[in-house]
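Peer 1: Following this message is one structure expressed as structure tokens.
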């Protein structure tokens with residue numbers, strides 16, 4: 001009895017397999033066990049490649065496809081590098097290092113060791129013209145450079161001056177500013193300061209009176 005039932009089952013299985021082969025079907029096996037993930041299918045045609053997480057230490061760039069932290073922007077490549085901020089304008093220049101007025105106390109030391117003392121040293125040689133009334137507001141800015149040994153490198157140049165001042169007084173004022181730079185050079189600079197400012201533009205503003213927003217030096 002049991003052998004007859006087994007024979008019937010084997011015959012039925014053979015018929016099913018024969019029909020599957022006839023229809024061209026393939027047995028894909030059993031489904032994955034409970035708890036396993038489905039296989040990741042490729043993206044549909046025309047879609048972009050998936051954006052992978054950035055490598056350690058790199059920033060995510062919103063709205064930018066492709067790799068993270070690639071080379072510089074290349075049109076059509078989808079790559080972009082996080083560039084460092086641009087250096088501020090005027091890099092390499094010392095800028096305005098001080099301001100002088102007729103009431104400024106001049107530098108009383110022997111060797112100039114601080115950048116701020118360069119302006120004070122010019123007070124020794126500055127002979128401003130007589131200023132009366134509203135013309136005491138005259139101002140001028142001079143730019144010059146020094147060598148390591150304190151000698152003048154090139155010629156001083158007035159880069160800004162007040163325009164409302166009477167032309168004759170304005171000319172005398174700017175002439176006194178340039179004369180102060182010539183008269184006080186060479187300056188006795190310390191080796192450290194001389195190396196730091198050699199060849200760099202130094203800008204100093206001369207006031208006919210003490211500015212309202214500044215205290216006398």
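The values are calculated or read from the model by the stated rules, or taken from the named source; none is laboratory data. Keep in mind it's a predicted model, so treat the numbers as computed, not measured. Cβ coordinates were reconstructed from backbone atoms using ideal geometry, including for glycine residues, and neighbour counts include every protein chain displayed.
Peer 1: Residues 103, 174, 141: which one is within 17 Å of residue 205 (Cα to Cα), loosely packed, with under 15 Cβ neighbours inside 10 Å and at pLDDT 90 or above?
Peer 2: Going through 103, 174, 141 in turn, just one is within 17 Å of residue 205 (Cα to Cα), loosely packed, with under 15 Cβ neighbours inside 10 Å and at pLDDT 90 or above: 103.
Peer 1: Now a separate question. Report, by residue number, each residue of segment 95-106 that is at positive phi and assigned to a loop (DSSP other than H, G, I, E, B).
Peer 2: Result: no residue meets the conditions.
Peer 1: Would you point out the residue of segment 107-135, among those that are touching a strand residue (DSSP E or B) at 6+ places or on another chain (Cβ under 9 Å) and within 19 Å of residue 176 (Cβ to Cβ), that is surrounded by the most Cβ atoms within 10 Å (Cβ to Cβ)?
Peer 2: 122
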